[in-house]
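Enquirer: Below are the structure tokens for one structure; questions will follow.
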Amino acid sequence: MKIIILLFIIILFNACVPKIGGPYYKPKYGDEVSQVSLAYCNGQAGPPTGINFNIPKNISVEIKTSKNNDKFIYTISFKIPAGVETNFLSNDIITKLAGINSTTPKDMQVNSTTKISINDTFQFDKFSPIPFTNGTTTLKSALWASKEIEYSKNTKELNITLPSMLINNKLKAFPIFLLKAYPDGFKDFDFLTNSLQEKRIEKYNKCLENTPKQNCKNILFVANESFISRIDDFNLKGIVYLGKGKVSTFIEIETSSTNSWKFETNKILISDLTNNEQIYTELNTGYLYVLNYNTPLETKIHNNYSYTTLRIDGEINEEEYYSNVEINLPPILIDGQIFYFKPIYLKLNLFDLGIDPFNC
């Protein structure tokens, strides 16, 4: 009895509960001992469904499994440091199920994030880790402007004047955006254009057709953008926040063009039409994002400015459950040197007893 009470106290103070888990696949890389990560709470709780290890040039590899409805999903991710060049020597992955080999051509997801100076020219061809492929690559840039101010007036309308864009050395101007204040459901306001507010109301009314009002009301209090615009092949959206002590602007630009561009200046003018005052704030941080969902494995990857992440996804149908799954990756060329992977094993565990936290 004392042992049971002691166990209960330990579980209670650690905010954990016993849990029966499974089925799940436990990954293993060859005969090596790898760092294990668990399924939940950023790898700190649940069954052991992930492993991490390194290959040459400090490339980190992560293998994770999960269950989605009637399928098991496995993900193999590679984090490649800046300056390292890689490419797989084949597009094919060999999977062994119940002693039967099957060869499957695979694509990978490629993404990279590069921080650059706001005064630099945004050149996707320069920063992209892969050759640009029209229609399959998403190119984004994110920019922030923030300023601490002493400001607590009851502003109802704002004008936002963005700097013009230089696209291939040609100057392109945005319209001036008129924003109005709408309650955000708390004690503050969202600033957005009339057209975006109308879309928000339309979405709310559509929600009411099949959903209780209580579950729809947050739609009226969530503003994902304050204004949107388009110049040539560049789509822009922005969010403006004007609160006590701070004014902030976030801008995201998405394009399918490899044309170089930059802002003519880093200054943004915010005009308070209610109180007839002007506030200048400056864009001070810039990031470039490159994302491609269907890059062939043999594609050459190289980025001098930031790390690049590669991700290979696969699945096992429920009717094909096997005690062991073996995955063989093709060799990879790393800075001119061939590296041969050991087999990746996924072992099926039908039942597991463990301890999970109440929350993370």
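Enquirer: Going down the list K71/K300; K106/K262; K203/K267; K156/K262; K79/K342; K156/K203, which pairs span over 25 Å between their C-alpha atoms?
Expert: Table pairs above 25 Å Cα-Cα are K71/K300; K106/K262; K203/K267; K156/K262.
Enquirer: Here is a follow-up. Report the extension gain between N54 and Y204 in nm, rounded to one decimal, defined as 0.36 nm multiplied by the number of residues separating them, less their alpha carbon distance.
Expert: Extending this stretch completely gives an extra 49.1 nm.
Enquirer: Give me the number: length gained by fully extending Q278 to K115, i.e. 0.36 nm times residue separation minus the C-alpha to C-alpha distance, one decimal in nm.
Expert: Extending this stretch completely gives an extra 55.7 nm.
Enquirer: Extension gain L89-K172, at 0.36 nm per residue separation less the Cα-Cα distance, in nm?
Expert: Here the answer is 25.5 nm.
Enquirer: With N denoting the number of residues in the stretch 49-173, provide Rg(C-alpha) divided by 2.2 N^0.38 Å, to two decimal places.
Expert: 1.64
Enquirer: What is the set of long-range amide H partners of I118 at a cut-off below 5 Å, with H atoms built 1.01 Å from backbone N?
Expert: G286
Enquirer: In addition: Would you please give the residues with an amide H less than 5 Å from that of F227, counting only those at least 5 places away or on a separate chain, with H modeled from the backbone geometry?
Expert: G238
Enquirer: Determine, from the Cβ-Cβ distance of K217 and E264 and an R0 of 45 Å, the FRET efficiency 1/(1 + (r/R0)^6), rounded to the nearest 0.05. Don't skip to the end; give the middle numbers.
Expert: Numbers: r = 42 Å, r/R0 = 0.92.
For R0 = 45 Å, the calculated efficiency reads 0.60.
Enquirer: How high is the FRET efficiency from S164 to N294, r the C-beta distance, R0 45 Å, rounded to 0.05?
Expert: Result of the calculation: an efficiency of 0.80.
Enquirer: If eta is 1.306 mPa s and T is 10 °C, what Stokes-Einstein diffusion coefficient results for the stretch 180-285, Kirkwood Rh from Cα pairs, in µm²/s?
Expert: D = 99 µm²/s.
Enquirer: Sticking with this structure for a sec: Would you pull out the residues with amide H under 5 Å of T265's amide H, same chain only if 5 or more places away, H placed 1.01 Å from N?
Expert: When sequence neighbours closer than 5 places are left aside, the close amide H contacts are S164.
Enquirer: Kindly write out, for the stretch 107-124 in residue order, the coupling ³J(HN,Hα) from the Karplus curve 6.51 cos²θ - 1.76 cosθ + 1.60 (θ = phi - 60°), rounded to whole Hz, with x marking Gly and Pro.
Expert: Karplus-based 3J(HN,Hα) across the stretch 107-124 equals 9, 9, 8, 10, 8, 8, 10, 10, 8, 9, 5, 5, 8, 6, 7, 7, 10, 5 Hz.
Taken together, the values in this text are just the output of simple stated rules run on the coordinates, not laboratory data. Because the structure is a prediction, the values reported are computed rather than measured. Cβ: placed from backbone, ideal geometry, glycine included. Neighbour counts: every protein chain shown.
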